[in-house]
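To keep things clear, I will list the structure first and then write my remarks on it.
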Amino acid sequence: MDLIAPLTGNDPATGRDAQRGAELATRLINTGTAGFTYADGRIWGPSGRARLSIVTLDTKNDRQRAADETSTLVGDKQVVGIVGAFDADSTLDASQRAERLQTPFVSGDAPLTALTERGLNWFFRTAPDAADFGGGFLSLLRNAEQVGQERRRIALLYSNDATGNDLRSTVTEFAEEAGYPLAASVSYEPGDPNPAAAVTAVRDAAPDIVLATVDGDHGEPLARAFSTVGYVPPALVGYGPAAQTARLAALPGFADRVSRQASWSLPIARANPLAAAVAERYQRDFGTAMSAEAANAFTAVTVLAQAINDAGSTDHELVRSALVAVDLPGNQTIMPWNGVRFDGTHQNTLASTVIEQNTDGSFAPVYPRDLATTTVRWPAPGTAVTAGTTSPTDAAGTTGATAAAR
């Protein structure tokens, strides 16, 4: 099995965590650890006739390298399937190459909706996409409203790349349908070291909530821009790797105003015996808490391994057919989902978005309601916040709204 991830380049933390998640999956599968046992006499485990190994490719966040090395690995290493690639552009090109080579490709991340709209036979995505997040975000907004309260005004601050434009089009459509006004829709260039002009345009629109893409290594430039402008938004929701949103939460005045999108959450994992055991093992093996990127890679590897075992073969066509038929209940995964089942586009229809809010220095899930460990707190519409303001009450004479999200 081949893992492609950015181990160097502009987002090495994502690649490192993905590699660790994949490595942990192989350890548990090969030793037949409880929760990862497979039918005797087929493929994996102590009594199986094969051992799972991971060949890791560093994409360096280079889409051409991701595609070219996919060809090399499939040809030279005879890999059974590919997992990755943890950024939209690399996943687009590498999966297209895997399609040509008729090799199963399972994405554990990369929420770009276009990935499952291409009609590919060999591409599968286990994680939720941008549309799922857009729906979850607006659902959270609706359920945090107070009686008689005006709709919050949203500003989009998005990167001018595949991920950012995907979020813009998705949220714009959903917001219009739900009756939420967009105060502004402002792009910034991913390579801009200080996109202060974009942040200024958002500030001038005076939104209630800023929804920002923080993909790749965008967190640091955005943090620099907010500091340059001296703007502390009433609330900010980050769309991208957790570590990037954490950079914004660390800014003075931002701590309790920042939320983030996630496909996995450690507080939620603790309520699932299997997820709790895996998270504990990850902490023991690698000396750090399991991240969403590690959990995504872990899940993609275990789903592909399940398909190989169900096929009883490493033949690509048989494995692809087994992936089409995968039907895992939620308690057989470590994710906060209802399970894994692919639709006709090979998108996992049972995956779902989690939204976490920073409260008292740590992120806790506020959506969906049945998995939330705290209630969402966002400021009332019309709250104005500037640099140095410490709370919505200071800025507008009103406290923020607190409500349980569904």
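Remarks
- Checked against (1) within 22 Å of Q306 (Cα to Cα); (2) open to solvent by less than 20 Å² (accessible area, probe 1.4 Å); (3) touching a strand residue (DSSP E or B) at 6+ places or on another chain (Cβ under 9 Å); (4) hydrophobic (A, V, I, L, M, F, W, C), A66 meets all criteria but (1).
- Selection count where residues are surrounded by fewer than 20 Cβ atoms within 10 Å (Cβ to Cβ), touching a helix residue (DSSP H, G or I) at 6+ places or on another chain (Cβ under 7 Å) and part of a loop (DSSP other than H, G, I, E, B), scope the stretch 369-379: 1
- Qualifying residue in the stretch 123-143 (condition: over 27 Å from D370 (Cβ atoms) and open to solvent by less than 30 Å² (accessible area, probe 1.4 Å)): yes
- Across the stretch 352-403, the number of residues qualifying as more than 27 Å from P241 (Cβ to Cβ), among the small types (G, A, S) and at pLDDT below 50 comes to 7.
- Qualifying positions in the stretch 203-232 - of a type in the set (D, E), open to solvent by 50 Å² or more (accessible area, probe 1.4 Å) and closer than 30 Å to G15 by Cα: D217, E220
- Of residues in the stretch 27-67 being in a loop (DSSP other than H, G, I, E, B) and of a type in the set (D, E, K, R), the one modelled with the lowest pLDDT: D40
- Pairs linking a residue in the stretch 95-113 that is within 18 Å of A18 (Cβ to Cβ) to a residue that is open to solvent by 10 Å² or more (accessible area, probe 1.4 Å) and among the aromatic types (F, W, Y), with Cβ atoms under 7 Å and 6 or more positions apart or on different chains, are A98/W122; P104/W122; F105/W122; D109/F86; A110/F86.
- Scope the stretch 338-356; condition under 25 Å from A372 (Cβ atoms) and among the small types (G, A, S); matching residues: G339, A351, S352
Let's see how each residue does on (1) assigned to a helix (DSSP H, G or I); (2) open to solvent by 20 Å² or more (accessible area, probe 1.4 Å); (3) within 19 Å of R320 (Cα to Cα); (4) not charged (D, E, K, R):
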{"residue": "R16", "(1), (2), (3), (4)": "yes, yes, no, no"}
{"residue": "Q78", "(1), (2), (3), (4)": "no, yes, yes, yes"}
{"residue": "V83", "(1), (2), (3), (4)": "no, no, yes, yes"}
{"residue": "S90", "(1), (2), (3), (4)": "yes, no, no, yes"}
{"residue": "T103", "(1), (2), (3), (4)": "no, no, yes, yes"}
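- Unmet criterion (only one of (1) surrounded by fewer than 18 Cβ atoms within 10 Å (Cβ to Cβ); (2) not in a helix (DSSP H, G or I)) for T200: (2)
- Taking the stretch 164-177 as the range and being under 16 Å from the mean Cα position of the chain (by Cα) and modelled with pLDDT under 95 as the test, no residue passes.
- Top-ranked residue in the stretch 233-248 [being open to solvent by less than 10 Å² (accessible area, probe 1.4 Å) and hydrophobic (A, V, I, L, M, F, W, C); ranked as nearest to P193 (Cα to Cα)]: L248
- Taking the criterion of being farther than 16 Å from L140 by Cα and of a type in the set (A, V, I, L, M, F, W, C), the only residue of the stretch 163-181 that qualifies is L167.
- Top-ranked residue of the stretch 158-183 - restricted to ones that are in a strand (DSSP E or B) and out of contact with any Leu (no Cβ under 7 Å at 6 or more places or on another chain), ranked as least open to solvent (accessible area, probe 1.4 Å): S159
- Neighbours by Cβ (under 7 Å, 6+ apart or cross-chain): first from the stretch 81-94, within 16 Å of G240 (Cα to Cα); second among the β-branched types (V, I, T) and assigned to a helix (DSSP H, G or I): G84/T91; A85/T91; F86/T14; A88/T163
- Number of the exception - D109 against (1) open to solvent by 10 Å² or more (accessible area, probe 1.4 Å); (2) out of contact with any Pro (no Cβ under 6 Å at 6 or more places or on another chain); (3) more than 23 Å from Q332 (Cβ to Cβ): (3)
- Every residue from the stretch 301-331 that is in contact (Cβ under 8 Å) with a residue 12 or more places away in the chain and over 14 Å from V80 (Cα atoms): V324, A325, V326, D327, L328, G330, N331
- The one condition from (1) open to solvent by 60 Å² or more (accessible area, probe 1.4 Å); (2) outside any loop (DSSP other than H, G, I, E, B) that P193 does not meet is (2).
The values are calculated or read from the model by the stated rules, or taken from the named source; none is laboratory data. Predicted, not measured: the structure shown is a model, and the values here were computed from it. All Cβ positions, even for glycine, are placed from backbone atoms using ideal geometry, and neighbour counts span all protein chains on display. Side chains are part of the model used for accessible areas, which takes the heavy atoms of the whole protein and leaves out ligands, DNA and RNA. Shrake-Rupley method; radii C 1.70, N 1.55, O 1.52, S 1.80 Å.
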